[in-house]
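S.K.: Take this structure, written in structure tokens, and hold onto it; I'll ask about it next.
The values are calculated or read from the model by the stated rules, or taken from the named source; none is laboratory data. Fair warning: this is a prediction, and the values are worked out from it, not measured in the lab. So basically every Cβ, Gly included, is an ideal-geometry build from the backbone, and we count neighbours across all protein chains shown.
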Amino acid sequence: MPRPRPLTNVATAVPHGHPFGTDQQLTPRTPHSGSRTSRLEQGFSKLPLAEDANDLDYDEHDALQSAPLLASSSTARFSVHTVRSDRRDPPSAKSDGRGTFLHPTQFLSRALAQLPLAFGIFMAGVLLILIVLSLTRPEALHKYIGAKAPPTSSIAPPTSIPTSSISSSHAGHSQSNIHVLSYENYTKFPLSGHEYRAECAKLHGGYMTHGDYWDADPMGSFDVPHREDESICRSSITYMLDGTVGLSADLAIMAQAAALARERNRTFFINDSHWNRGKWLDHFDDVTQRQPGPQPGCKAPSPDELVACPRTARHWVISASTAKYHFAHGFSNHYENSYGHNLNRLKPIFEQAFHSFDSTIRPNRNVRRLIKLARDELSDFIGVVNERDTEGDSIYVGTHIRRGDRKSLSYSYKDRKIPLSEYLTAVSSTWTRLHPESPSKVTPVVYLATDSPEARQKFGELYDGEIFSLFDATNSSLRALASPREYNQTQFDELSLQARTTATDGMLVDLALVSGLWARKDELVPDATICALSSTVCRLSPIGLGWDRAFGKVNAMGEIDAQSKRWVDVDEKGLVVPVWQAFQLFN
């Protein structure tokens, strides 16, 4: 077979304008043609022709091949960089790890280009470590980053009482992880609501805790020293009446505190040291008799052993002033029905309050007598009305109008005072909705509970039907309970103690009749309740009516039954979700 003819007229990749010219024909280089490529192939050790500037320019051009034309581009020899680096790069040149040698400046530029990526990976690792520490060992994180520890004024080493006496309420925590709270700056116990709130602010300020509602603080257990006495209850929850809010506001929060004591198997107490309405037993039954707890007859702890924060302390005290630390978002997350929607989420909290008012928070014998007198006189009044109007019914609509220092939640009303016309319209529309068969001329009897003598008078002038209230009672002991003036919390202490005690009894009678609270099965209860959610009386009214009567058949999405509901809010009118809330928190 004849040998192939040598290649001729092979075009080069030299661009137009190259020093060699565009018409010059070149012989293809081979491993034996004396080129620098051949030297790399170890064909010759010398270059037969002198290397002039043209040769350098020629070899520097990217388009020229650095290996024989017949070599495969997939071989290791087919590399422009290999030839160039052999000829140009100094001995100090770096390799990029792939056989390619880089000039120091090239190596530095590549390294600098990768710095942001390396820095990002490093910072991500640091953040991951910090997140893990914040969840598992926050106390170590505080130490490492130099965060402020809880104020030294609220934490002190144990003095005369050993720290080990705190251990009964902190199972699972080592003794070395217990911090002793010191109230040494105070001389009178129990502290006031504002003082307990200040202590809570010291403990919780600047720190975010993780975990469940009843988890101990990640930094350790906090409590005051305790005296060991077998006659004292092992653990307790005390609701302190500090006189900073109205009666119904206290009762709404207290109902939840009593429920927590039942759940946690703690003894429940009421402390009235700072109450501006007399003594608890002046108006209510003893809660330790109604809810005896796990150790019936045990003694309440000494007032200096009560702790407002944290709630994991052995003897936890709650008041309206500190409720925001315990009944806010964390409480809702734990006790709401997490699978329910809207109003259905609040049903467990509703049931807790219902149980508390049914079994624990009960008026004493004297107040029950007043409530019965009012119910009996209202029943007689309705009977008289029915005798005059044979088409009437033996039922009434409870209506509560709060004036004084209370403002509406809605900003749609002038001066944030709900007009009487809103209540009148609600009474009429509710009666028509619940009793569509009733003749249009029939209007229900209204039991009007109000703190305002002026509101009672104007409502009577505008309403076409009959009204009964404490102002209208024929019984002098009931009429004496009517509010002499609009209620203002900041001015309440200006009244005499007797006047404040009487006002408290009057409020309890109004609450019972407008909502149906504490009624026996054979006693008269309201057919519906008209009120404003801005008042806590309105928040407690569904407890007296019961879930199904108050809200109707609540659907799966938690929407109130607009047709069958008997609890009607004239303030937000169901435009805010949820339409009802069990209590109010105060700053």
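S.K.: Would it be correct to say that residue 301 is outside the structural domain of residue 486 (by TED's automatic domain parsing), closer than 24 Å to residue 321 by Cα, part of a loop (DSSP other than H, G, I, E, B) and at pLDDT 95 or above?
M.R.: So residue 301 passes the test.
S.K.: If we keep just the residues of the stretch 318-346 that are in contact (Cβ under 8 Å) with a residue 24 or more places away in the chain and part of a loop (DSSP other than H, G, I, E, B), which is surrounded by the most Cβ atoms within 10 Å (Cβ to Cβ)?
M.R.: 319
S.K.: While we're on this one: If I ask for residues that are in contact (Cβ under 8 Å) with a residue 24 or more places away in the chain, closer than 11 Å to residue 397 by Cα and not in a loop (DSSP other than H, G, I, E, B), which ones from the stretch 462-478 would you list?
M.R.: The one that is in contact (Cβ under 8 Å) with a residue 24 or more places away in the chain, closer than 11 Å to residue 397 by Cα and not in a loop (DSSP other than H, G, I, E, B): 468.
S.K.: State all residues of the stretch 372-386 that are of a type in the set (D, E, K, R) and surrounded by 13 or more Cβ atoms within 10 Å (Cβ to Cβ); if no residue qualifies, say none.
M.R.: 372, 375, 376, 377
S.K.: For the stretch 397-416, does any single residue satisfy the condition of being at pLDDT 95 or above and either in a helix (DSSP H, G or I) or over 40 Å from the mean Cα position of the chain (by Cα) (or both)?
M.R.: No: zero hits.
S.K.: Read through the list (1) part of a helix (DSSP H, G or I); (2) surrounded by fewer than 22 Cβ atoms within 10 Å (Cβ to Cβ), then give the number of the only condition that residue 524 fails.
M.R.: Single failed check for residue 524: (1).
S.K.: Using the structure shown, decide if residue 481 is touching a residue at least 60 places away in the same chain (Cβ under 8 Å), farther than 14 Å from residue 447 by Cα and in a helix (DSSP H, G or I).
M.R.: Here the answer is no, as residue 481 does not meet what is asked.
S.K.: Now for a separate question. Could you identify the single residue in 441, 521 that is more than 40 Å from the chain's Cα centre (by Cα) and of a type in the set (Lys, Arg)?
M.R.: Answer to the check: 441.
S.K.: Inspect all residues belonging to the stretch 448-461 and state whether any of them is out of contact with any Cys (no Cβ under 8 Å at 6 or more places or on another chain), over 30 Å from residue 282 (Cα atoms) and either in a loop (DSSP other than H, G, I, E, B) or of a type in the set (S, T, N, Q) (or both).
M.R.: yes
S.K.: Does residue 320 satisfy the condition of being over 25 Å from residue 587 (Cα atoms), out of contact with any Lys or Arg (no Cβ under 8 Å at 6 or more places or on another chain), of a type in the set (Gly, Ala, Ser) and at pLDDT 95 or above?
M.R.: Criteria not met by residue 320.
S.K.: Among the listed residues 579, 554, 568, which satisfies the condition of being at pLDDT 95 or above, β-branched (Val, Ile, Thr) and under 22 Å from the mean Cα position of the chain (by Cα)?
M.R.: 579
S.K.: Being in contact with a Leu (Cβ under 9 Å, 6 or more places away or on another chain), in contact (Cβ under 8 Å) with a residue 12 or more places away in the chain and small (Gly, Ala, Ser) narrows it down to one residue among 550, 556, 532; which is it?
M.R.: 532
S.K.: Also, quick follow-up: Checking the conditions here, which among 490, 502 is in a helix (DSSP H, G or I), at negative phi and either at pLDDT below 95 or outside the structural domain of residue 396 (by TED's automatic domain parsing) (or both)?
M.R.: Criteria check complete, one pass: 490.
S.K.: Then there is this: Kindly indicate whether residue 271 is surrounded by fewer than 23 Cβ atoms within 10 Å (Cβ to Cβ), under 23 Å from residue 201 (Cβ atoms) and assigned by TED's automatic domain parsing to the domain that holds residue 354.
M.R.: When the stated conditions are applied, residue 271 passes them.
S.K.: Given the structure, is residue 490 farther than 17 Å from residue 535 by Cα and either touching a Phe, Trp or Tyr at 6+ places or on another chain (Cβ under 6 Å) or polar (S, T, N, Q) (or both)?
M.R.: No, not satisfied.
S.K.: Output the number of residues of the stretch 387-419 satisfying the condition of being more than 27 Å from residue 577 (Cβ to Cβ), surrounded by 15 or more Cβ atoms within 10 Å (Cβ to Cβ) and of a type outside the set (D, E, K, R).
M.R.: 4
S.K.: Also, I was wondering about something else. Quick check on the stretch 360-382. Is at least one of its residues over 30 Å from residue 261 (Cβ atoms), in the same structural domain as residue 470 (by TED's automatic domain parsing), not basic (Lys, Arg) and not in a helix (DSSP H, G or I)?
M.R.: no
S.K.: When both residues are 6+ apart or on different chains and their Cβ atoms are under 6 Å apart, which pairs have a first residue that lies in the stretch 221-232 and is surrounded by fewer than 11 Cβ atoms within 10 Å (Cβ to Cβ), and a second that is in a strand (DSSP E or B) and modelled with pLDDT of 95 or more?
M.R.: 231/299
S.K.: Here's something else I'd like to know. Could you say which residue among 518, 567 is surrounded by fewer than 22 Cβ atoms within 10 Å (Cβ to Cβ) and among the aromatic types (Phe, Trp, Tyr)?
M.R.: Within the list 518, 567, the selection yields 518.
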